[in-house]
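Visitor: Structure incoming, see below.
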Amino acid sequence: MPNNAKFYHSKGLAYQDTKEYDKAIIMFKKALDVSNDHIPSLYHLGLMEHKSGKLAAALESLTKVLQSIGEDRLVYESRGIVYQDSKNHQKAIEDFDKAAEIEPTYAEVYFERGVSKVELGKLSQGKYEDAIEDFLYAEELGSKNAGVFKGIG
């Protein structure tokens, strides 16, 4: 067994690419056993935990990444999507807000935030204007996501 975090991380990525998420999780955890500060493995572990439906574990892993590296658009967006899938749309919106502050011209974060705003609106019989604004802005920024047009409609 190699004592090299990058070796296990690479194997984890290979399993991730073939959608063998549980095997990927094992490899990313092995990488972290070798080097508990290997942030790429921690980030991908969170992604694979999300794909495997282990939402609480994914939130924990992605939160640790943010605690280790500070603010990062991609990590906030990834964690926001996990919150979204956990039906915690308020927390998702907070993460998407942070992601948009960091990279204001990244279209997909507005789409995702709009989705959570729609879901919050459904729960509280609220207004959807804010969600529509996000979808329109995502389109303006060049999003090719078909969900943007569905959200606008």
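The values are calculated or read from the model by the stated rules, or taken from the named source; none is laboratory data. Note that this is a predicted model, so its numbers are computed, not measured. FYI the Cβ positions are ideal-geometry reconstructions off the backbone, even for glycines, and counts take in every protein chain you see. Ligands, DNA and RNA are stripped out before the accessible areas are found, and what is left, the full protein with its side chains, is counted by its heavy atoms. Shrake-Rupley method; radii C 1.70, N 1.55, O 1.52, S 1.80 Å.
Visitor: Name the one entry in 86, 41 that is surrounded by fewer than 17 Cβ atoms within 10 Å (Cβ to Cβ) and free of Cβ contacts under 8 Å to residues at least 40 places away in the same chain.
Guide: Answer to the selection: 86.
Visitor: Just for segment 44-59: of the residues that are over 14 Å from residue 16 (Cβ atoms) and not in a helix (DSSP H, G or I), which one is most open to solvent (accessible area, probe 1.4 Å)?
Guide: Ranking the qualifying residues of segment 44-59, first place goes to 54.
Visitor: May I ask you to list the residues in segment 89-106 that are open to solvent by 20 Å² or more (accessible area, probe 1.4 Å) and among the acidic types (Asp, Glu)?
Guide: As a first pass, look at segment 89-106 and keep what is open to solvent by 20 Å² or more (accessible area, probe 1.4 Å): 90-91, 94, 97-98, 101-106.
Across segment 89-106, the qualifying residues are 94, 97, 101, 103.
Visitor: For segment 1-34, give me each residue that is in contact with a Lys or Arg (Cβ under 9 Å, 6 or more places away or on another chain) and assigned to a loop (DSSP other than H, G, I, E, B).
Guide: Of everything in segment 1-34, those that are in contact with a Lys or Arg (Cβ under 9 Å, 6 or more places away or on another chain) and assigned to a loop (DSSP other than H, G, I, E, B) turn out to be 1, 19.
Visitor: Quick test for you: out of 119, 139, 101, pick the one residue that is closer than 24 Å to residue 56 by Cα and assigned to a helix (DSSP H, G or I).
Guide: Result of the check over 119, 139, 101: 119.
Visitor: What's the number of the condition residue 54 fails, among (1) under 28 Å from residue 14 (Cβ atoms); (2) at pLDDT below 95; (3) not aromatic (Phe, Trp, Tyr)?
Guide: Going through (1) under 28 Å from residue 14 (Cβ atoms); (2) at pLDDT below 95; (3) not aromatic (Phe, Trp, Tyr) one by one, residue 54 breaks only (2).
Visitor: State the number of residues belonging to segment 1-18 that are of a type in the set (Gly, Ala, Ser), open to solvent by less than 50 Å² (accessible area, probe 1.4 Å) and within 16 Å of residue 46 (Cα to Cα).
Guide: Matching residues across segment 1-18 total 1.
Visitor: When you go through (1) open to solvent by 40 Å² or more (accessible area, probe 1.4 Å); (2) under 30 Å from residue 105 (Cα atoms); (3) touching a residue at least 12 places away in the same chain (Cβ under 8 Å) one by one for residue 21, which number turns out not to apply?
Guide: Checking residue 21 against (1) open to solvent by 40 Å² or more (accessible area, probe 1.4 Å); (2) under 30 Å from residue 105 (Cα atoms); (3) touching a residue at least 12 places away in the same chain (Cβ under 8 Å), the one that fails is (2).
Visitor: Something else: Can you confirm whether residue 109 is buried (at least 16 other Cβ atoms within 10 Å of the Cβ), of a type in the set (Val, Ile, Thr) and either under 20 Å from residue 145 (Cβ atoms) or touching a strand residue (DSSP E or B) at 6+ places or on another chain (Cβ under 8 Å) (or both)?
Guide: yes
Visitor: Do we have residue 33 as open to solvent by 60 Å² or more (accessible area, probe 1.4 Å) and farther than 22 Å from residue 107 by Cα here?
Guide: Against the criterion (open to solvent by 60 Å² or more (accessible area, probe 1.4 Å) and farther than 22 Å from residue 107 by Cα), residue 33 qualifies.
Visitor: Given 10, 116, 61, 52, which one is closer than 24 Å to residue 141 by Cβ and polar (S, T, N, Q)? Steps first, please.
Guide: Values: 10 fails: closer than 24 Å to residue 141 by Cβ; 61 fails: closer than 24 Å to residue 141 by Cβ; 52 fails: closer than 24 Å to residue 141 by Cβ.
Matching residue, one of 10, 116, 61, 52: 116.
Visitor: Quick one: in segment 1-47, which of the residues that are within 18 Å of residue 62 (Cβ to Cβ) and of a type in the set (S, T, N, Q) is farthest from the chain's Cα centre (by Cα)?
Guide: 36
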